[in-house]
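Encoded as structure tokens, the structure appears first; notes follow it.
The values are calculated or read from the model by the stated rules, or taken from the named source; none is laboratory data. If you're wondering where the values come from, they're calculated on a predicted model, not measured in any experiment. Methodologically, a virtual Cβ is constructed for each residue, glycine included, from the backbone with ideal geometry; neighbour enumeration extends over all protein chains shown.
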Number of protein chains: 2
Amino acid sequence: MNKIVIFGVGLIGGSFARALKQAGAVRSIVGMDRSPASLQRALELGIIDEIGGDLAVALQDADLVLLAAPVAQTANILAALLPHLGPRTVVTDAGSTKGDVAAAARAVLGDKLGRFVPGHPIAGRETNGPEAAIPHLYQGKKVVLTPLAENAEADVELVAAAWRACGAVIHRLSPEEHDKVFAAVSHLPHLLAYALVDDIAHKPHADLLFQYAASGFRDFTRIAGSSPEMWRDISLANQAALLTELDAYLAQLTTLRAQLAAGNGAALEAVYGNAQQARQRWIATIEAAEAPPAQDKAE
Amino acid sequence: MNKIVIFGVGLIGGSFARALKQAGAVRSIVGMDRSPASLQRALELGIIDEIGGDLAVALQDADLVLLAAPVAQTANILAALLPHLGPRTVVTDAGSTKGDVAAAARAVLGDKLGRFVPGHPIAGRETNGPEAAIPHLYQGKKVVLTPLAENAEADVELVAAAWRACGAVIHRLSPEEHDKVFAAVSHLPHLLAYALVDDIAHKPHADLLFQYAASGFRDFTRIAGSSPEMWRDISLANQAALLTELDAYLAQLTTLRAQLAAGNGAALEAVYGNAQQARQRWIATIEAAEAPPAQDKAE
């Protein structure tokens, strides 16, 4: 590609830029960001070639635009892009929820709706900003595209090809399927981890408790180190699916509570054992599928 | 010390043996285990000097006995030891619950109760068996002793000195305090992780869900890879405290559910933000406290 414009030059957008450059898949990258300091740093680090100023200029003849800003900004950014969107420019995003993003696009883009291909790279770290951007973040990872009925297949393929150049594996789901899946395996665990740490932090003997928390607690709560604002937005954006998953989990916990109260060791062991085996199968599958180059094992 | 007898030559007992040997703190270690293969392997690996046969011989002139077998075996092992317990031998254990262990000792040991000093090393890995034993497992880690009123201070100190020789830092709690603390920071998280994986594994679209589970899910559920039998026993042994913590957590989740259903973003962000900050403070404290030698960073 000749020219890519990236809104948000932090971990996600910056790593996309670095990966495409390393693959020799793009000639020029223009960065846009709310933070002038981030833009300056991204330029210094060679993540972007140019800091975007005037939108008309930045978007002129762009092949692809990636929105890698917080999801709640999607509608505003799309509205700003709209008047300057040339006939060959495809727009995609990297948001963790897709139903709300698709709805925002539908509300804003009018007859240019088909030019927006929603997407979600399943990769991340606990670090942020241009310094955190690394070229192999997406190596062996999944990118879920959730195409709209209005998308031309060639435009979906352009987005898919860019992610493939980053080393990612493309999956397709509908926005609704996507949001249901990630409510279960990502959004609910975040809520549960935040809830546990907050619960403990509010107990009168919190200091004593934290003093004895060890590596199991550290791993279980690692995702509670994530950005509260980002996860507030995700929780609200995916409210219905998250409520469904939370209710299922509450029912599961209520059953387990009754089994524990009854001293039903066989029932507890059945749940624990089924979980252990399911997790072992999952780990074996995912490790085989992701089998990364040696430098990617750090994740 | 001249002679130590270890019941259970796996990760916990074997690492205790290796650490004491590396520190030059013991002359001879006798191993006992239900598994003849584990004993043979521990002998080959130099973890123990001798496989114990006759209990009277094994215990003769022993300075210290460590029980590192599953907690449910405590009463049986103590009953077997009792007739052969010489006047200078101190007994301790490494179980994850202490109220039940103290009760078992009280039920079995009669006027030798004072010779049993309950303990719990806060260290572990997901690996098991003699091969998993490493000399630095306890380096910089806490060992909680929960002395009984019947213990002589010199006997508590003998146990503490052995763990200190392994590099551990000694803490003291009552058995009841211990069990309340670990119900909150260890036993409940295990139950929650098992419950989530089991919940997902039972959904009709489980394969689809596991396909998109990523690194956050992996960390959150890591403790669901632990032994179901061991955690069944711990759950039952610490039933009352675990129920108290589970009920508090269910109340917290019910509140969060109402806030999510009401679209109360400020309330969600307050919980998430408080959790994130509490966790950051905790991580900073624990990293400073544990600051390990370079070779111990693998945990």
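Some values worked out for this structure:
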read-out: Selection from region A:110-127 of residues that are buried (at least 17 other Cβ atoms within 10 Å of the Cβ) and under 30 Å from A:LEU43 (Cα atoms); value: A:ARG115, A:PHE116, A:VAL117, A:PRO118, A:GLY119, A:HIS120, A:PRO121, A:ILE122, A:ALA123, A:GLY124
read-out: Subset of region A:228-252 [surrounded by fewer than 19 Cβ atoms within 10 Å (Cβ to Cβ) and more than 7 Å from every other protein chain (Cβ to nearest Cβ)]; value: A:MET230, A:ALA240, A:THR244, A:ASP247, A:ALA251
read-out: Any hit, region A:148-156, residues being among the small types (Gly, Ala, Ser), at positive phi, modelled with pLDDT of 95 or more and not in a strand (DSSP E or B); value: no
read-out: The one condition in (1) surrounded by 21 or more Cβ atoms within 10 Å (Cβ to Cβ); (2) assigned by TED's automatic domain parsing to the domain that holds B:PRO121 that B:PHE182 fails to fulfil; value: (2)
read-out: Filter result for B:THR92 (buried (at least 16 other Cβ atoms within 10 Å of the Cβ) and in contact (Cβ under 8 Å) with a residue 12 or more places away in the chain); value: yes
read-out: First in region B:228-249 and among the basic types (Lys, Arg), second anywhere and in a helix (DSSP H, G or I) and at pLDDT 95 or above, Cβ under 6 Å, 6 or more apart; value: B:ARG232/A:GLY265; B:ARG232/A:LEU268; B:ARG232/A:GLU269
read-out: Residues within region B:225-260 that are more than 19 Å from A:GLY263 (Cβ to Cβ), modelled with pLDDT under 95 and either in a helix (DSSP H, G or I) or in contact with a Ser or Thr (Cβ under 6 Å, 6 or more places away or on another chain) (or both), tallied; value: 1
read-out: Selection status of B:ASN274, closer than 30 Å to A:ALA270 by Cβ and either surrounded by fewer than 15 Cβ atoms within 10 Å (Cβ to Cβ) or out of contact with any strand residue (DSSP E or B) (no Cβ under 9 Å at 6 or more places or on another chain) (or both); value: no
read-out: Matching residues in region A:98-118 - criterion: being more than 18 Å from the chain's Cα centre (by Cα) and among the β-branched types (Val, Ile, Thr); value: A:VAL108
read-out: Region B:152-166 residues that are in the same structural domain as B:LYS112 (by TED's automatic domain parsing), paired with ones that are in a helix (DSSP H, G or I) and of a type in the set (A, V, I, L, M) (beta carbon under 6 Å, 6 or more apart); value: B:ALA165/B:LEU20; B:CYS166/B:ALA19
read-out: Options A:GLY53, A:GLY14, A:GLY86, A:GLY46: the member that is assigned by TED's automatic domain parsing to the domain that holds A:GLY167 and assigned to a helix (DSSP H, G or I); value: A:GLY14
read-out: Condition check for A:GLY263: closer than 21 Å to B:HIS187 by Cα, facing another protein chain (nearest Cβ under 7 Å) and not in a helix (DSSP H, G or I); value: yes
read-out: The listed residue being buried (at least 17 other Cβ atoms within 10 Å of the Cβ), in contact (Cβ under 8 Å) with a residue 12 or more places away in the chain and touching a Phe, Trp or Tyr at 6+ places or on another chain (Cβ under 7 Å), out of A:ILE134, A:ILE77; value: A:ILE77
read-out: Within region B:144-197, considering residues that are among the polar types (S, T, N, Q) and touching a Ser or Thr at 6+ places or on another chain (Cβ under 9 Å), the one nearest to the other protein chains (Cβ to nearest Cβ); value: B:SER186
read-out: Residue satisfying all of: in region A:198-227; without any contact (Cβ under 8 Å) to a residue 40 or more places away in the chain and more than 7 Å from every other protein chain (Cβ to nearest Cβ); surrounded by the fewest Cβ atoms within 10 Å (Cβ to Cβ) among these; value: A:PRO204
